[in-house]
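The values are calculated or read from the model by the stated rules, or taken from the named source; none is laboratory data. Note that the coordinates shown come from a computational prediction; the quantities given were computed from them, not determined experimentally. Positions of Cβ are backbone-derived with ideal geometry, glycine not excepted, and every protein chain shown enters the neighbour counts.
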Amino acid sequence: MFRAVMPFSKLFQRLNETDEGAMRVVFLAAAGIGAAVALQKVVRQIDSLVVPRRRFRVRHGNGPAGVNFTSKTTYTVVGTSAPPTLADIPTLVTEMRDAFESGVTLPLANRLETLVAMKKMFVENEQRILRAVWEDLRRPEGETLYYDFLLVKTEIQNLITNLHKWTKPERVSKFSLLTFPSSQWVEKDAFGTVLIIGPFNYPFALTAGVVAGAVAGGNNVVLKPSNDVPFSSNLLRELFVKYVDPRVVTVVGPHIAGDGVDVVTSLMRQKLDFVFFTGSSRVGAIIAKQAAETLTPIALELGGKNPVFVDETADLSLAAKQCVWGRTLNCGQQCVAPEFVLVHRSVLEKFLEQARRWTHELVPDPYLEGAMGRLVGWNASASSAGDDDKNNAADDSDGNTSGRKSAAMRVKQLLDVARAGKHGEKIVVGGGADFSRGVVEPTVAVCGWDSPLMREEMFAPVLCVVPYDDLEDATRMVRTRPKPLALYVFSKHKKNTRHILDNTTSGGVTINGVLFHVGHTGLPFGGVGESGAGSYHGEASVKCFTHQKPTLRKWRDLHDFGVFTDPFFVYGPHDRVKRTLLRAVAERS
């Protein structure tokens, strides 16, 4: 029977000899495409039953992840009782890379064990965490409870619940005639050894919360918390040592004297697989430059001047309350806080009246202990654990040196500008401070685009109000500035809201509120342009810390004589028939 069938190559050669033959080729191609589509549906149903099994490497002699780990390798830094020193950093990173190579972080059971341990770490130490943040920032307990405890615990629980779903290979069902018959999916590969550099302002949310995503992705982590919050950073190290396998997470920095810059510099010189930095745009640029020298991928969570739009239709009481609330949280030291409010001139006075009212209602006495957070470094001399004042100049989230003197000096300059009014600034409420205690009154000031208060992120409870007449002009002015991490809109007018969304760029947006998009567990959080690169939270955290590896498997054993599995027309030389078939296939792929 097979002898009677003319070889496909000779058949197409004869068909190519005449124009009529060429038409037949086109007809056969169309018939083949139809058959391929039908066959693909059958193949896809068969292939859907075949789940790719992941077989992670396991080094002989290594037990599962856990505090009481066993390892084939004898480590001299990782897992030892003494905290790592500056001189230990090269060895530390080498040993962490070896630990990743052992495969201990890859099995889902090990990832789950670490995440469960991290959740337990928070549940069993709630009061110690709240107390540490209080000692560092004098932040009201309610703020710390939500932002540095409950949000982190919820993030870890979401990762535990969805670990299998978010980390499994993601099947791609789109049909491509060019690759038919095939099955394709996206593997989620761990990067390897990750460096996470945390800021001072949310010492647990922006460290442990980020670490959880890296662990879920299958990485191991070198964590560098901020030296500006010594109570929190020392507690972080203590808890991770107690609850988590040091091959998975090791904390470095809290016990190394100095401002932390030398620690970060040394870490960036090592061979790392990924770097996650949270902080200022100025320091982020330095980190990005250092990472570029070794082609190390990075994620940058930075900040910026976050604008708020309040048009003439807005609920002015709600808008003012939200802006004052968002600006005074953590003494204004947060990267998503509203920095300036663009208010339509027709409702400017009413908005200012509401801003004054809500300032007095939300923070009636800022000098009262626990009424509002304090500037970072307010207790530098008391909490530095023996360090000199010169050791308290770290690269904090506002991009300036920290410690009581520098933070106070920076904010004092801002308030002096507001009081002087050389560029038309006018203080509506607040303007006072007690820098010896790190206390700054919530301040609202009317100013123009050329005010020094509008140049850089302030990282203080100072809110600028800028009147505008035309929404298009206001959005154009926002576009001329560095892209912010967050943008907020208060409006009942859907067209105005749509205009703002379509004509501005920002990391994220909340409409008729502030901050809320950051707290939604289903939304990614991250910046754009000068405010950062990359995003995380929930499933986005897993994507942030994994390489999305496209994988395609060609089906070869269909006994089709290569008509579909190895089509002759992909190989040269390409005559008219082959070119005709290539065109037909490309147009349907």
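Listed here are the residues, each with its yes/no results for (1) over 17 Å from Val336 (Cβ atoms); (2) in a loop (DSSP other than H, G, I, E, B); (3) within 25 Å of the chain's Cα centre (by Cα).
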| residue | (1), (2), (3) |
| --- | --- |
| Asp450 | yes, yes, no |
| Arg481 | no, yes, yes |
| Val489 | no, no, yes |
| His517 | no, no, yes |
| Glu530 | no, no, yes |
| Ala540 | no, no, yes |
| Pro550 | yes, no, yes |
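Residues of the stretch 426-441 that are more than 34 Å from the chain's Cα centre (by Cα), touching a residue at least 40 places away in the same chain (Cβ under 8 Å) and surrounded by fewer than 17 Cβ atoms within 10 Å (Cβ to Cβ): Asp434 alone. When restricted to residues that are assigned to a helix (DSSP H, G or I) and among the β-branched types (Val, Ile, Thr), the stretch 347-366 contains 2. Hey, does the stretch 163-184 have a residue that's free of Cβ contacts under 8 Å to residues at least 40 places away in the same chain and of a type in the set (Ser, Thr, Tyr)? The answer is no; no qualifying residue exists. Residue count for the stretch 415-425 satisfying the condition of being of a type in the set (A, V, I, L, M) and surrounded by fewer than 21 Cβ atoms within 10 Å (Cβ to Cβ): 2. Scanning the stretch 94-114 for residues that are surrounded by fewer than 20 Cβ atoms within 10 Å (Cβ to Cβ) and closer than 26 Å to Ser232 by Cβ turns up just one, Glu113.
Taken together, the residues in the stretch 556-570 that are under 46 Å from the mean Cα position of the chain (by Cα), within 16 Å of Leu177 (Cα to Cα) and of a type outside the set (A, V, I, L, M, F, W, C) amount to 4. Looking at the stretch 168-193 only, could you name the residues that are in contact with a Leu (Cβ under 7 Å, 6 or more places away or on another chain) and either acidic (Asp, Glu) or under 30 Å from Val252 (Cα atoms) (or both)? Result: Ala190, Thr193. Applying the criterion of being of a type outside the set (Val, Ile, Thr) and not in a helix (DSSP H, G or I) to the residues of the stretch 519-528, the residue that is surrounded by the fewest Cβ atoms within 10 Å (Cβ to Cβ) is Gly522.
When you check Ala394 against the structure, is it touching an Asp or Glu at 6+ places or on another chain (Cβ under 7 Å), at pLDDT below 95 and either of a type outside the set (S, T, N, Q) or assigned by TED's automatic domain parsing to the domain that holds Asn234 (or both), yes or no? It is true that Ala394 is touching an Asp or Glu at 6+ places or on another chain (Cβ under 7 Å), at pLDDT below 95 and either of a type outside the set (S, T, N, Q) or assigned by TED's automatic domain parsing to the domain that holds Asn234 (or both).
The selection criterion, being within 21 Å of Tyr536 (Cβ to Cβ) and assigned by TED's automatic domain parsing to the domain that holds Val252, holds for Leu151. Summed over the stretch 263-283, residues that are part of a helix (DSSP H, G or I), touching a strand residue (DSSP E or B) at 6+ places or on another chain (Cβ under 7 Å) and modelled with pLDDT of 95 or more total 3.
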